[in-house]
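Reading through the structure tokens given below for one structure.
The values are calculated or read from the model by the stated rules, or taken from the named source; none is laboratory data. Remember, predicted model here, so these are calculated numbers, not experimental data. Every residue, glycine as well, gets a Cβ built from its backbone with ideal geometry; the counts of neighbours run over all protein chains shown.
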Amino acid sequence: MSVNIDFDFLAQETLALKNQPETSTELSFDRYFEDLHEENFIACHDSEESSFPEAPGLLFYIEKGANTFCLRGISTDDIAYTANELISGGSKLERKFKADINEIKDQLMSFVTEEEAEAQVLIDLVFNRRFPIQEDVLCNISDPGFSWWMKNEEDSFSIYFQSHGIERAKNFLRLGPLGESVLSSRRLSDALPYLRDSFSINEFSSNRKSFTISSARANCEDFKAFQDIFVTGAKPLSREMFPMSTKGLTLYLFFKELALTRRFLLLVESQVHS
């Protein structure tokens, strides 16, 4: 199978992103994570303001090529208001989409978050980067790609922060680009004492290449809940699990953002392959 990628374009995209100013975000600590379901991800096919939710989140579209795709969009504290302003024309926000809004307005989508700061986390992590549609075809051992990969078993799982073998799609679950490997490995290591308070652990290891954990008890519901953070993003750990300290809040936000990112990437993937 032949795959043609415009690497010059990718290089230009990367250089442009490096030259963009960084945005500082601060998440409030007084809200608990609420499950986001598919109704939070809305494909809009008309220009009526009512088509968009009056809620904070993302307004975006998927710039899709033959072999790659890129997410373009903005975070906002009111998706409906921003969409109406954008579609009405003359808004400076249009440059964030790098396209004529009249040509893409039927492709605009929204994703609801608790607050705009959470949407900005997703912007910083996965927007304005070009990803391969078939990552396992494009990437190889020397070019590991972007995604985390998961070997998922009943009472244990391993996560590889980069590619794990040339047949990764056959043997592993692709999680997508959930975060930076060194920082994520450190956060997972720091969480070990609190995970032990939730369920019995038989094996645990975390380094810059991978993370492995197994439950000492078969069919442990708390272990399954932790596993589901990575599989579906559906059940993040509760705030009470971590101490009321800076370190505890950091770990809580790490898992909260990881779950949110996983859910968003699953929904984006369903659109890319539709």
Listed by first then second residue, the pairs whose first member lies in region 86-98 and is closer than 19 Å to SER51 by Cα, whose partner is small (Gly, Ala, Ser) and assigned to a loop (DSSP other than H, G, I, E, B), with beta carbons under 8 Å and at least 6 positions apart or on separate chains, are ILE87/SER47
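For ALA259, are the conditions met, namely being within 14 Å of the chain's Cα centre (by Cα), closer than 22 Å to LEU58 by Cβ, in a loop (DSSP other than H, G, I, E, B) and of a type in the set (Gly, Ala, Ser)? Outline the logic, then answer.
Numbers: within 14 Å of the chain's Cα centre (by Cα): yes; closer than 22 Å to LEU58 by Cβ: yes; in a loop (DSSP other than H, G, I, E, B): no; of a type in the set (Gly, Ala, Ser): yes.
Spelling it out, it is not the case that ALA259 is within 14 Å of the chain's Cα centre (by Cα), closer than 22 Å to LEU58 by Cβ, in a loop (DSSP other than H, G, I, E, B) and of a type in the set (Gly, Ala, Ser).
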Filter region 102-115 down to the residues that are touching an Asp or Glu at 6+ places or on another chain (Cβ under 9 Å) and surrounded by 19 or more Cβ atoms within 10 Å (Cβ to Cβ), then identify the one that is nearest to GLU269 (Cα to Cα).
VAL112
Among what's in region 133-149 and is surrounded by 19 or more Cβ atoms within 10 Å (Cβ to Cβ) and at pLDDT 65 or above, pick the residue that is farthest from PHE226 (Cα to Cα).
GLU135
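For residues that are small (Gly, Ala, Ser), within 17 Å of ARG208 (Cβ to Cβ) and at pLDDT below 80, tally how many sit in region 155-178.
Filtering region 155-178 for residues small (Gly, Ala, Ser) gives 156, 158, 163, 165, 169, 176.
With within 17 Å of ARG208 (Cβ to Cβ) added as a condition, the list becomes 158, 163.
In the following step, the residues that additionally are at pLDDT below 80 were identified as 163.
Total satisfying the criteria: 1.
Identify the residue in region 185-202 that is without any contact (Cβ under 8 Å) to a residue 24 or more places away in the chain and within 30 Å of CYS70 (Cβ to Cβ) and, among all such residues, is farthest from the chain's Cα centre (by Cα). Give the derivation first.
As a first pass, look at region 185-202 and keep what is without any contact (Cβ under 8 Å) to a residue 24 or more places away in the chain: 186, 188-189, 192-193, 196, 200-201.
Cutting the leftovers down to within 30 Å of CYS70 (Cβ to Cβ) gives us 186, 188.
Details: ARG186: 19, LEU188: 17 Å.
The selected residue is ARG186.
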If GLY233 satisfies every condition in (1) touching a Phe, Trp or Tyr at 6+ places or on another chain (Cβ under 9 Å); (2) in a helix (DSSP H, G or I) but one, which is the exception?
(2)
Taking ALA43 as meeting all but one of (1) in contact with a strand residue (DSSP E or B) (Cβ under 6 Å, 6 or more places away or on another chain); (2) at pLDDT below 50, write down the number of the exception.
(2)
